[in-house]
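*Asks:* Encoded as structure tokens, here's the structure I'll be asking about.
The values are calculated or read from the model by the stated rules, or taken from the named source; none is laboratory data. Just so we're clear, the structure is a prediction, and the values are computed from it rather than from any experiment. Quick reminder, even Gly has a Cβ in these numbers, built from the backbone with ideal geometry, and neighbours come from all protein chains shown.
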Amino acid sequence: MKVLKKLYWAAIILFLYIPIFVMIGLSFNRSKSRTVWTGFTFKWYVELFKNELIIKAFVTTVVVAVISAIVSTALGTIAAVGINFMNKWEKMAVINISYMPVVNPDIITGISLLLTFNVFKSLFGLQFGMITLLISHITFNLPYVILSVLPKIRQMDMRVYEAALDLGCNPRQAFFKVVIPEIMPGIITGFLMALTFSIDDFIISYFNSGHAQTLPIAIYAMVRRKVSPEIYALSTIMFVVILCVLFIVNLKDLKKEKRKRIKEGVN
């Protein structure tokens, strides 16, 4: 059984990561060919950083992702705290409404936002660009943050908050000194989800970006003509960066868990 389990996991890993390793290998291929290896080179990475279109799209993507993630995390955390203090039926109704954008196909969200922005364009002269792109990303990120923070609020012992009030904290001080540290794992999870979804999004951005081109849209435009090895290089860099971030986050969690075990062992 152990051998079968190992073979099973090996098959899953190979199935998931062989395409990525093939792409990484081709990003160092001297030739543009997708099947013939002609030699090792960093040429496509050099060409990537000379491509002004990709660099501009990358900067736009990062700016939009960071700003939308920060704003949606702040709004989502406040909303989650408010939802937690609602009565049973109000809470159920608001949570179900919050779930709707998550289960909705992205194309519905994208088209609905497009129509809304068109109304604002006709009434107030709103132009499609960075503003509409940011609003779109905040809109579809918000439910993920709410649904990440809510479980942590439910797990929190509210008596600690009440004790902080009894010991002299005002509600604002108790919120920042007690509630925020308790729900911080949920906030971080929501922020990372918002950041990831924002960087990855194509459909909603495609409908609402206007002249502001994000990286997925730029890649789509390039792939429609011909898949360039520069795309392999860009995808490799993104994969390595995300892998490093995940490694750092998991390493911090392991260290935190280790310190907790040592503390429990001492007690």
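*Asks:* Please find, within the stretch 1-42, the residue that is surrounded by the most Cβ atoms within 10 Å (Cβ to Cβ) out of those that are part of a helix (DSSP H, G or I) and touching a residue at least 24 places away in the same chain (Cβ under 8 Å). Walk me through it before giving the result.
*Replies:* If we filter the stretch 1-42 for residues that are part of a helix (DSSP H, G or I), which is where we start, we get 2-26.
Next, from what is left, pick out any that are touching a residue at least 24 places away in the same chain (Cβ under 8 Å): 20, 23-24, 26.
Working: Ile20: 13, Met23: 17, Ile24: 16, Leu26: 22.
Going through the qualifying residues, I end up with Leu26.
*Asks:* Moving to a separate point now. So which of Pro216, Pro229 ends up being surrounded by 10 or more Cβ atoms within 10 Å (Cβ to Cβ) and in contact with a strand residue (DSSP E or B) (Cβ under 8 Å, 6 or more places away or on another chain)?
*Replies:* Working: Pro216 fails: in contact with a strand residue (DSSP E or B) (Cβ under 8 Å, 6 or more places away or on another chain).
That would be Pro229, the only listed residue that is surrounded by 10 or more Cβ atoms within 10 Å (Cβ to Cβ) and in contact with a strand residue (DSSP E or B) (Cβ under 8 Å, 6 or more places away or on another chain).
*Asks:* A further question follows. Of all residues in the stretch 38-74, count the ones that are touching a strand residue (DSSP E or B) at 6+ places or on another chain (Cβ under 8 Å) and among the polar types (S, T, N, Q).
*Replies:* Here the count works out to 2.
*Asks:* Here is a check on your reading of the model: is Val145 surrounded by 17 or more Cβ atoms within 10 Å (Cβ to Cβ) and either touching a residue at least 12 places away in the same chain (Cβ under 8 Å) or β-branched (Val, Ile, Thr) (or both)? It would help to see each step written out before you state the result.
*Replies:* Values: surrounded by 17 or more Cβ atoms within 10 Å (Cβ to Cβ): yes; either touching a residue at least 12 places away in the same chain (Cβ under 8 Å) or β-branched (Val, Ile, Thr) (or both): yes.
Criteria met by Val145.
*Asks:* Which of the residues spanning the stretch 18-46 are among the charged types (D, E, K, R) and modelled with pLDDT of 85 or more?
*Replies:* Taking the stretch 18-46 and keeping what is among the charged types (D, E, K, R), we get 30, 32, 34, 43.
Residue satisfying the conditions is Lys43 alone.
*Asks:* Need at least 3 residues that are farther than 30 Å from Phe117 by Cα per element, so show me which helices (runs of 4 or more DSSP H) inside the stretch 155-262 make the cut, counting only ones lying wholly within it.
*Replies:* Working: elements: 158-166, 171-174, 180-200, 203-208, 215-225.
Because the criterion is at least 3 residues that are farther than 30 Å from Phe117 by Cα, the helices (runs of 4 or more DSSP H) in the stretch 155-262 that meet it are 158-166, 171-174, 180-200.
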